[in-house]
Amino acid sequence: MNQNPVIIPGTAGGSHVVDGPLTTVAAREASPALLRSAVDSRIVQVRPMSTPVDQISRMIGARPAQSMIVEYYSVDTKPVSAKLLAVPLGTGTAYDSKVVFTIKTSCDSMFAPTETLLVPSFKGSMKASVEGGGLVLYVIEADKNGGGLKVIALNYDGDESDGGIPSISVDSDVVRMGRAASELDVQTAQFEALPVKDFNYCQIFKAQVEQSVFTKLSAKEVGWSFTDQEEVAIMDMRLGMEKNFLFGFRSRLTDPKKFDEVLLTGGIWNQAATEVEVSMDDFNQNTVIDIMRSAFTGNAAGSPRKVMIAGSDMIQAINKLEYTKVINSSDTVTRWGIDFNELRSKFGSLYVIHSEIFDQCGHSSDALIIDVQYLTKYTHLPFRVERLDLKKSGVRNTDALVATEASCMVLRHPSAHVKVYGL
């Protein structure tokens, strides 16, 4: 029988093995993802609660990487507000009894002509002829060279003392609203969102299991299944990977003894862009609400459900709270093979889980809120187990298994993920 089967393409993009048996080698060549999925499905059954980040990444699937250096893009949103740098100045012109004046903000380049602006802290005139509420401005001209913005106040009726120019306080928020084009306008100011390029290194993770020939003779041989030794080795490997995925520092170096290059992956803790600090001495329901607000509003807005991985001190503080209708703790929720406790609020829901990795790495009072929608794992070398024939090579009279994976983890929208520091 032919021991080297031939793989031919199918009519609809598939692959077929002919002139030989279907072996693991042939299956890996014809359909690489088939065996990878089978291996991952076994790995995630080994203590999933201990490595939640690695567990989630395996359950949602990884992207193949063609190189050990992974480059990816993150698209951010245009800023929504800026700070007023100086009091408004008049220009001496007026249209339809509205005075044109100039304002300067901390980021004039984000505004464009025909846009409307809102100053929430400055109330519009309370006169009968003008609607109240926040002051609304219309941008006539935007000088990108530091000249400021020429604007008209839409809902302000000034008296002779201020010359029709509202006395807006310095450091007031100026919020960008929608454009207001005229009937004959065909074009408007251009706006393109350019993705931000970043990179991470895939780290080669390994674990080795050896068993002497005499030990094997007294035990049942079951191929490369999860025996007791293998399970312990894989668990230790996953715990190490979890620490690198969370708190690793991206770097590359040359080993001084082997004179070979080593790539170390960067952790997602350092990639998260949103930060919030809370007091552990005065931890109450208001603290949880503040955390929820930071996780689901502003630049952190994303999915209505996120995962919160926390150390033991943070979990202890959360468990001591008495929940009300504003913040309530529902029953256990099982997602991605992990049992979470769900915290619900009007802002969104958090799937909370304790991580022993946070305790071991000095973050027992901290937490990381992850938007799983923007969590991506890249694998240059998917998880695989290979047998080493150490007897034939004359090294040792043992059977050995080596587990290897080259991978990294990235946050594609850094602002959607929140680092919570417990002080």
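The values are calculated or read from the model by the stated rules, or taken from the named source; none is laboratory data. The shown structure was predicted, so the numbers you read here are calculated from the model rather than taken from an experiment. Cβ: placed from backbone, ideal geometry, glycine included. Neighbour counts: every protein chain shown. Ligands, DNA and RNA are stripped out before the accessible areas are found, and what is left, the full protein with its side chains, is counted by its heavy atoms. Shrake-Rupley method; radii C 1.70, N 1.55, O 1.52, S 1.80 Å.
General observations
- Failed condition for Asn341, given (1) within 19 Å of Met292 (Cβ to Cβ); (2) at pLDDT 85 or above; (3) open to solvent by less than 60 Å² (accessible area, probe 1.4 Å): (3)
- Selection from the stretch 411-421 of residues that are part of a strand (DSSP E or B) and either closer than 26 Å to Tyr201 by Cα or at pLDDT below 90 (or both): Leu411, Val418, Lys419, Val420
- Any hit, the stretch 395-410, residues being at pLDDT below 85, among the aliphatic types (A, V, I, L, M) and open to solvent by 30 Å² or more (accessible area, probe 1.4 Å): yes
- When every residue of the stretch 114-137 is checked against the conditions, at least one turns out to be open to solvent by less than 40 Å² (accessible area, probe 1.4 Å), closer than 15 Å to Ala82 by Cα and either at pLDDT below 80 or hydroxyl-bearing (Ser, Thr, Tyr) (or both).
- Residue that is farthest from the chain's Cα centre (by Cα), among those in the stretch 368-384 that are of a type in the set (A, V, I, L, M, F, W, C) and open to solvent by less than 40 Å² (accessible area, probe 1.4 Å): Phe383
- Annotation: Ser365 fulfils all but one of (1) of a type in the set (Gly, Ala, Ser); (2) within 18 Å of the chain's Cα centre (by Cα); (3) at pLDDT 90 or above; the unmet one is (2).
- Residue list for the stretch 279-310, filter: open to solvent by less than 10 Å² (accessible area, probe 1.4 Å), closer than 22 Å to Ser355 by Cα and among the small types (Gly, Ala, Ser): Ala295, Ala310
- Any pair with Cβ under 8 angstrom, 6 or more apart, that starts in the stretch 248-270 at a residue that is over 17 Å from Cys361 (Cα atoms) and ends at one that is small (Gly, Ala, Ser) and exposed (fewer than 11 other Cβ atoms within 10 Å of the Cβ): none
- When residues in the stretch 259-278 are screened for being open to solvent by 50 Å² or more (accessible area, probe 1.4 Å), in contact with a helix residue (DSSP H, G or I) (Cβ under 7 Å, 6 or more places away or on another chain) and more than 21 Å from Leu411 (Cα to Cα), 0 of them pass.
- Residue check, Phe358 crowded, with 21+ Cβ neighbours inside 10 Å and modelled with pLDDT under 85: no
- Complete set of residues in the stretch 324-337 that are in a loop (DSSP other than H, G, I, E, B) and modelled with pLDDT of 75 or more: Trp336, Gly337
- All positions within the stretch 285-323 that are farther than 23 Å from Ala82 by Cα and assigned to a loop (DSSP other than H, G, I, E, B): Ser303, Pro304, Gly311, Lys320, Leu321, Glu322, Tyr323
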